[in-house]
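Heads up, the thing below is written out as structure tokens.
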Amino acid sequence: MSRKLATRVPFRSLWRLLMGIAFVMGVSQPVFARGSGLAVDVELVFAVDISYSMDRVEQQMQREGYVQALLSPEFHAALKANAYGKIAIAYMQWASNTDQDVLLDWTVIDSPESAVEAAEKLRHAPYRRAQRTSISGAIDAAAKLFDNNGFNGTRQVLDVSGDGPNNNGRIVTQARDDALAQGITINGLPLVGIREWIGPADIKELDIYYEDCVIGGPESFMIPIKDTTSFVEATRNKLIREIASLPQVPSFGLPILKAQAKQPRISCTIGESLWRGRWGN
């Protein structure tokens, strides 16, 4: 356990206790501030897959899910109910181990107006696709975004969405464990069975893979997306759960799965194996 994680965990427990008291008493202002940097309730990175397996329909659906989540009244209500009433978000695209770019740099969301502004920037940003799928590279790149970002959140959360297993870069569990040691919680939004066909680098059990190999940290969870109609609802639900101070958050009828701490039910190197088999290695 790193020094940073050791100092964050007890504070997190104390913070939730104080937030519960503040909620009951109707207190909307921060109970106290800590450290340097702008105090926010959550520092949140959206890391979205743009590999070639993500066609234009999936990319648009993925992007629009985050846009609609930021615009939703439920999100605005959850934001207002928190201690500081503000979060900091960044939106990063990823493909191979060396291919990540930030579409939306760190932005404070503290009102419906600021949420609309951020959503419009995302909505009008250009699309692109790239080679390979490196969830580990995405985790490593996103973890660096939290360093010296000018914010002081009570939690740091990485939100990973994609439609395939890691097949490039270092082993995904290595990146996950390093991020967890920094005090980062990783949540997931795997796209499972959106397409009618399964490619040579795809797996049907992507939800299990995300549960056992990708997500982790205190209160981590993932919501599998199995049809196009539920993507916006799932993204909205996940965002609300990620920023909420209190654990009682509606599920909107969607499955919410926790990280598995025991022996993985699926090989966490299955993506690498499929890639090697694809080229006869």
Being within 15 Å of Asn82 (Cα to Cα), outside any loop (DSSP other than H, G, I, E, B), modelled with pLDDT of 50 or more and of a type outside the set (Phe, Trp, Tyr) narrows it down to one of Ala39, Ala47, so name that one. Ala39
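Any chance the range 145-165 includes a residue that's of a type in the set (A, V, I, L, M) and over 30 Å from Tyr84 (Cβ atoms)?
If we filter the range 145-165 for residues that are of a type in the set (A, V, I, L, M), which is where we start, we get 145, 157-158, 160.
Okay, now just the ones that are also over 30 Å from Tyr84 (Cβ atoms), so none.
There is no residue in the range 145-165 that is of a type in the set (A, V, I, L, M) and over 30 Å from Tyr84 (Cβ atoms).
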Please identify the pairs in which a residue from the range 215-235 that is part of a strand (DSSP E or B) has its Cβ atom under 8 Å from the Cβ atom of a residue that is of a type in the set (Phe, Trp, Tyr), counting only partners at least 6 apart or on another chain. Met222/Tyr210; Ile225/Phe231
Give the residues of the range 116-157 that are within 18 Å of Ala39 (Cα to Cα) and buried (at least 16 other Cβ atoms within 10 Å of the Cβ), sorted by residue number. Leu145, Phe146, Asn149, Phe151, Asn152, Gly153, Thr154, Arg155, Gln156, Val157
Which of the residues spanning the range 163-208 are at pLDDT below 95, surrounded by fewer than 20 Cβ atoms within 10 Å (Cβ to Cβ) and not aliphatic (A, V, I, L, M)? Gly193, Arg195, Glu196, Trp197, Gly199, Pro200, Asp202, Lys204, Glu205
Quick one: is Val214 on the phi < 0 side of the Ramachandran plot and at pLDDT 95 or above? yes
For Ile256, state whether it is over 17 Å from Lys204 (Cβ atoms), at pLDDT 90 or above, of a type outside the set (Phe, Trp, Tyr) and touching a strand residue (DSSP E or B) at 6+ places or on another chain (Cβ under 6 Å). no
Identify all residues within the range 196-213 that are assigned to a loop (DSSP other than H, G, I, E, B) and among the hydrophobic types (A, V, I, L, M, F, W, C); write none if there are none. Trp197, Ile198, Ala201, Ile203
Any hit, the range 172-195, residues being assigned to a helix (DSSP H, G or I), under 18 Å from the mean Cα position of the chain (by Cα) and under 17 Å from Val102 (Cα atoms): no
Whether any residue in the range 86-104 is among the β-branched types (Val, Ile, Thr), under 13 Å from Leu44 (Cβ atoms), in contact with a helix residue (DSSP H, G or I) (Cβ under 6 Å, 6 or more places away or on another chain) and without any contact (Cβ under 8 Å) to a residue 60 or more places away in the chain is what I want to check. no
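The values are calculated or read from the model by the stated rules, or taken from the named source; none is laboratory data. Nothing here was measured: the structure is a model prediction, and the numbers come from that model. Note that we place each Cβ from the backbone using ideal geometry, even for glycine, and neighbour counts take in every protein chain shown.
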